[in-house]
């Protein structure tokens, strides 16, 4: 049997990268020859976490079939968010906290999804169920993912289980989770040296909705106006991406991690569906989304309802 | 919130019925108002188990929307095997041991699948993880499901975990699992008073394969010739069902639970795909499938390969 590859979604965030690392380590301890890889380079937030805990970034791949017939997915299941040739290999296991869609197997598999805020919260349970000890630096990465996905426990996706898991992991990692967490989140908001494409696409995912193809990106910042000062450049690149990739609409959610509000910037049609979804009026293609920080819980569901 | 309905697949077998009971009981203990229901009446094997452990059969339903917006699925996930209006309600949880296909949700959910022989083997883990004690009679039903799905541990779907779970449950239930198991399996092979339709359809499931729509039924017996003595009548009813329901092919797997072989009976086209799948020659529409007892592991995969 060739090596099993373990990876998170395209445009990886901190949970996608670190859950591959933590799950592959667990599999190794259980006797499976598994390697954590990634479908993209770490973003600056993730790089901060990897650097802090002195861990290497996983090798970047985009297809799997040349290397292996067997994979394990973390932090995603939908084929369009996965490796380009995912349908040609066998998925042995999935650990995820998203909805299930566009996912099909020929054989029974291990599938563990729970409606919690972070994949690593589930992986912590798996370590405990199997009685495997978590090394300090892997605990640090798992903690980083929970802080990232929950925006330091402020997101509505954050559950009591996520908070409890973070406390437990911070203990093992030996860090003050609030101080470390704010430093890590801020490291991810250094946007000045990013191109417009990097800004809009870093965290973007595709969502088919009511016959339309939406691209939804999110960028975290401590100053929304700093990002909006580049609005013309961003809109130009969003329009460009819509044309190249056949997206009907690009929605960029610019989230202030300190006050937990977002501004959305919209390029494409039909814009009135966005207004309907959030009960707002777009002016100059933007609108304030009060209290919105979670794409999964506060952006995708209302858009899905409006488009369907 | 209205009551959550918990149920297994259409044409329920012992695992489908009893996993609904054991999972609904667990949910009740966790504070969820859940009711076990079924998408069909218990077969004779299941009736034997229910009667032995003095448990009532779950109420039979075929649609869920009139009663609730929220359901939990056990022992299945594919929409065509579920309630007729499954796509109109929210699936909160799935506990299953089959492949994942034709299953999609709008929201994150709890999904627990493992490649073991029986759903109740997974449910036993869930009881332990939550620290909930299993009542004697529910343990007896869970044991019955493992015996049924594994044909008393002879099926290739049976894992070490299934055997260990069965031993543990037999202890709680206070029965000798081998003696009780054989009695239960035999109770399920009383076929004399069954109509041809009952025989072919009791355990049948639909499987889309390479553009064709296959119906695959299985019947357990201690005397294959006893069933084959009714071949003309069975073929007639299989042809009838193909026409009524638009199946391209009906495959009936007649399994001898004592010697662990099966004979398949095939009505519909293309028959050469069946011959290719099992490397046999059909004579008089039948062929011996040596050592084949598991539809999931030994019938569906080779047919899927041959049809694709």
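Nothing in this text is a laboratory measurement; each read-out follows from the coordinates by a stated rule. Since we're looking at a predicted model, the values are computed, not measured. Every residue, glycine as well, gets a Cβ built from its backbone with ideal geometry; the counts of neighbours run over all protein chains shown.
Taking the 0 to 90 degree range and rounding to the nearest ten, how far is the long axis of helix A:231-245 tilted relative to the main principal axis of chain A, both from C-alpha atoms?
For A:231-245 against chain A, the angle is about 70 degrees.
Going by how many other Cβ atoms sit within 10 Å of their own, how do A:84, A:192 line up, fewest first?
By the 10 Å Cβ count, ascending, the order reads A:192, A:84.
Please average, across the residues of A:108-118, the number of beta carbons from any other chain that are within 10 Å of each residue's own beta carbon, and give a whole number. Write out the running numbers ahead of the final one.
Working: counts 13, 7, 5, 10, 5, 9, 6, 7, 2, 1, 0.
That works out to 6 on average.
Looking only at other chains, what is the average number of their beta-carbon atoms within 10 angstrom of each beta-carbon in B:294-304?
Counting other chains' Cβ atoms within 10 Å and averaging over B:294-304 gives 1.
Looking at chain A as a GNM with Cα springs under 10 Å, which of A:152, A:252, A:30 has the largest mean-square fluctuation?
Among A:152, A:252, A:30, the largest mean-square fluctuation in the Gaussian network model of chain A belongs to A:30.
Label position 7 Å from Cα toward Cβ: report the copy-to-copy distances for residue B:106 in nm, one decimal, ordered from shortest.
3.4
Shortest first and in nm with one decimal, please list how far the residue A:67 label point sits from its counterparts in the other copies (point 7 Å along Cα→Cβ).
4.8
Could you let me know the centre-to-centre spacing of region A:161-231 and region A:3-46, using Cα atoms, in angstrom?
Region A:161-231 and region A:3-46 have Cα centres separated by 18 Å.
Listing A:160, B:78, B:161 from the residue with the fewest other Cβ atoms within 10 Å to the one with the most, what is the order?
On the way: A:160 9, B:78 21, B:161 18.
Exposure proxy ranking, most exposed first: A:160, B:161, B:78.
With angles folded into 0 to 90 degrees, how steeply does helix B:119-130 sit against the dominant principal axis of chain B? Use alpha carbons for both and round to 10.
The angle comes out at about 10 degrees.
Let me have the 222 nm mean residue ellipticity of chain A computed from DSSP H runs of 4+ only, each contributing -39500 (n - 2.57), with the sum over all residues rounded to the nearest 500.
Mean residue ellipticity, 222 nm, calculated: -11500 deg cm²/dmol.
Counting only other chains, and only Cβ atoms inside 10 Å, what mean value do you get across the residues of A:122-129?
Mean partner shielding for this stretch: 1.
Using only the alpha-carbon atoms, what does the protein assembly as shown span along each of its principal axes? Please give whole angstrom values in decreasing order.
Principal-axis extents of the Cα atoms in the protein assembly as shown, largest first: 82, 49, 48 Å.
Quick one: what do you get for chain B if you divide its Cα Rg by 2.2 N^0.38 Å?
With N residues counted in chain B, Rg over 2.2 N^0.38 Å equals 0.97.
How many percent of DSSP beta bridges within region A:196-307 run antiparallel, rounded to 5? Don't jump to the answer; show the numbers that get you there.
Working: 18 of 26 bridges.
Antiparallel: roughly 70 percent of the beta bridges in region A:196-307.
What is the mean projected area of the alpha carbon convex hull for region A:196-307, to one decimal in square nanometres?
Projected over every direction and averaged, the Cα hull of region A:196-307 covers 6.0 nm².
I need the inter-copy label distances for residue B:281: point set 7 Å along Cα to C-beta, values in nm with one decimal, smallest first.
Values, ascending and in nm: 8.2.
On C-alpha positions alone, give me the angle between the axis of helix B:14-29 and the longest principal axis of chain B, in degrees, nearest 10.
Tilt relative to chain B: about 10 degrees.
I need two numbers for region B:114-198: Rg to one decimal and Dmax as a whole number, Cα atoms only, in Å.
13.8, 46
Going by how many other Cβ atoms sit within 10 Å of their own, how do A:200, B:172 line up, fewest first?
Ascending number of Cβ neighbours within 10 Å: B:172, A:200.
For region B:1-47, what number results from the quotient of the Cα radius of gyration and 2.2 N^0.38 Å?
Numbers: Rg = 10.9 Å, N = 47, 2.2 N^0.38 = 9.5 Å.
Against the compact-globule rule of thumb, the ratio is 1.15.
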